[in-house]
Amino acid sequence: MQAAILLWILSLLLKEVQAWGYRNGIFHNSIWLEQAAGVYHRESRKGRYQLTFIEAKAVCDYEGGKLATYEQLEAARQIGFHVCAAGWFDKGRVGYPIVKAGINCGFGKVGIIDYGFRLNKSEQWDVYCYNPNSKECGGVLTDQQKTIQSPGFPDKYQDGQICYWHIRVQLGQKIRLSFLEFDVEDDTSCLADYLEVYDSYNDIAGFAGRFCGDYLPEDIVSTGNVMTLKFLSDASVTSSGFRLQYVAFNATETHQ
């Protein structure tokens, strides 16, 4: 009997181990994959590191979500979620997810960079929210090809939004980003509403351009297998938004 129970436990453990692993060059966990895509980073409309713990919870609540747990944040990290910005998450904890350590990001480490439980809830950070049922605004994307659009497109997007899309494809591939439709509030310096593109895991390095107005930007090709998009709208005028598509291709190919 004991041998049979032990064999059953080992079979369960084997299935769990097999659920984790690289498929097509991307680390996946079949149990967490859909839930992990519901984790997202937000900052205050006033800029980075402007949210107290109470304000951070309010940001998540406003969008129908809640503060992400450590486990949810780590699960998202496992499929490529990488943001070099410390934020509140569940129970007053602060940290951020790192896939690839850099000079100015992660202190040379990979994983959840954990600042621990903060005693002073008036400290100001960003926030990590969790809402698996609301993926309209941002997310972690690992498909070989996908269309991305602003919230509510083709109707007008709302004011006061901040959306991040983190694209991660197979190692050895690059990403071609093509703009299909584009209409974002226009101003001289693109300071009101805009879409930013980064040839990087985050919005710190690899700045590739900031776009607004109603002209179609030219295609953007990444230098590696990751890309980040950030869409921000202020508290005034809104427009119909944008629709674009990315396609992954082998770095050795000539992709027209």
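The values are calculated or read from the model by the stated rules, or taken from the named source; none is laboratory data. Everything numeric here is computed off the predicted structure, so don't read it as measured data. Here Cβ is always computed from backbone atoms with ideal geometry, including for glycine, and neighbour counts include all displayed protein chains.
Quick one: Val59 ticks every box in (1) within 27 Å of Met227 (Cβ to Cβ); (2) in contact with an Asp or Glu (Cβ under 8 Å, 6 or more places away or on another chain); (3) surrounded by 18 or more Cβ atoms within 10 Å (Cβ to Cβ) except a single one, so which number is it?
(2)
Which of (1) loosely packed, with under 15 Cβ neighbours inside 10 Å; (2) modelled with pLDDT under 95 is the odd one out, the single condition Lys121 does not satisfy?
(2)
Can you find, within the range 64-87, the residue that is nearest to Cys105 (Cα to Cα) among those that are part of a helix (DSSP H, G or I) and in contact (Cβ under 8 Å) with a residue 12 or more places away in the chain? Write out each step before concluding.
At the first step, the residues of the range 64-87 found to be part of a helix (DSSP H, G or I) are 70-78.
Imposing the further condition that a residue be in contact (Cβ under 8 Å) with a residue 12 or more places away in the chain reduces the set to 70, 72-78.
On the way: Tyr70: 19, Gln72: 21, Leu73: 17, Glu74: 17, Ala75: 19, Ala76: 18, Arg77: 15, Gln78: 17 Å.
If we take residues in the range 64-87 being part of a helix (DSSP H, G or I) and in contact (Cβ under 8 Å) with a residue 12 or more places away in the chain, then Arg77 is nearest to Cys105 (Cα to Cα).
State the number of residues belonging to the range 30-55 that are outside any loop (DSSP other than H, G, I, E, B) and either at pLDDT 85 or above or buried (at least 18 other Cβ atoms within 10 Å of the Cβ) (or both).
Taking the range 30-55 and keeping what is outside any loop (DSSP other than H, G, I, E, B), we get 33-36, 39-42, 44, 47, 51, 53-55.
Okay, now just the ones that are also either at pLDDT 85 or above or buried (at least 18 other Cβ atoms within 10 Å of the Cβ) (or both), so 36, 39-42, 44, 51, 53-55.
Selection size over the range 30-55: 10.
Of these, Val140, Val184, Val127, which one is surrounded by 17 or more Cβ atoms within 10 Å (Cβ to Cβ), in contact with a Phe, Trp or Tyr (Cβ under 7 Å, 6 or more places away or on another chain), β-branched (Val, Ile, Thr) and without any contact (Cβ under 8 Å) to a residue 60 or more places away in the chain? Talk me through it step by step, then tell me what you get.
Working: Val140 fails: without any contact (Cβ under 8 Å) to a residue 60 or more places away in the chain; Val127 fails: without any contact (Cβ under 8 Å) to a residue 60 or more places away in the chain.
The unique qualifying residue is Val184.
So which of Gly116, Gly139, Gly152, Gly87 ends up being over 17 Å from the mean Cα position of the chain (by Cα) and closer than 21 Å to Ser233 by Cα?
That would be Gly152, the only listed residue that is over 17 Å from the mean Cα position of the chain (by Cα) and closer than 21 Å to Ser233 by Cα.
Could you check, for the range 155-166, whether at least one of its residues is over 20 Å from Asp126 (Cα atoms) and either within 17 Å of the chain's Cα centre (by Cα) or part of a strand (DSSP E or B) (or both)?
If we filter the range 155-166 for residues that are over 20 Å from Asp126 (Cα atoms), which is where we start, we get 155-158.
Cutting the leftovers down to either within 17 Å of the chain's Cα centre (by Cα) or part of a strand (DSSP E or B) (or both) gives us none.
For the range 155-166, residues over 20 Å from Asp126 (Cα atoms) and either within 17 Å of the chain's Cα centre (by Cα) or part of a strand (DSSP E or B) (or both): absent.
Is it the case that Pro132 is within 17 Å of the chain's Cα centre (by Cα), assigned to a loop (DSSP other than H, G, I, E, B) and surrounded by fewer than 21 Cβ atoms within 10 Å (Cβ to Cβ)? So that I can check it myself, show each step before the final result.
On the way: within 17 Å of the chain's Cα centre (by Cα): yes; assigned to a loop (DSSP other than H, G, I, E, B): yes; surrounded by fewer than 21 Cβ atoms within 10 Å (Cβ to Cβ): yes.
Against the criterion (within 17 Å of the chain's Cα centre (by Cα), assigned to a loop (DSSP other than H, G, I, E, B) and surrounded by fewer than 21 Cβ atoms within 10 Å (Cβ to Cβ)), Pro132 qualifies.
Taking the stated definitions as given, is Arg176 of a type in the set (Lys, Arg) and surrounded by 16 or more Cβ atoms within 10 Å (Cβ to Cβ)? Steps first, please.
On the way: of a type in the set (Lys, Arg): yes; surrounded by 16 or more Cβ atoms within 10 Å (Cβ to Cβ): yes.
When the stated conditions are applied, Arg176 passes them.
Conditions tested, residue by residue: (1) assigned by TED's automatic domain parsing to the domain that holds Leu67; (2) of a type in the set (Phe, Trp, Tyr); (3) within 17 Å of Arg48 (Cα to Cα); (4) touching a strand residue (DSSP E or B) at 6+ places or on another chain (Cβ under 8 Å).
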| site | (1), (2), (3), (4) |
| --- | --- |
| Lys91 | yes, no, no, yes |
| Pro97 | yes, no, yes, yes |
| Ala101 | yes, no, no, no |
| Val110 | yes, no, no, yes |
| Gly116 | yes, no, no, yes |
| Asn120 | yes, no, no, no |
| Lys146 | no, no, no, yes |
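Mind counting the residues in the range 205-232 that are part of a loop (DSSP other than H, G, I, E, B) and closer than 17 Å to Gly139 by Cα? Please lay out each step first, then the result.
Of all residues in the range 205-232, those part of a loop (DSSP other than H, G, I, E, B) come to 205-206, 212, 214-219, 222-225.
Right, trim to closer than 17 Å to Gly139 by Cα and you get 225.
Counting residues in the range 205-232 that are part of a loop (DSSP other than H, G, I, E, B) and closer than 17 Å to Gly139 by Cα gives 1.
Do we find that Ala58 is in contact (Cβ under 8 Å) with a residue 40 or more places away in the chain and not in a strand (DSSP E or B) in this structure?
Values: in contact (Cβ under 8 Å) with a residue 40 or more places away in the chain: no; not in a strand (DSSP E or B): yes.
Answer is no for this residue.
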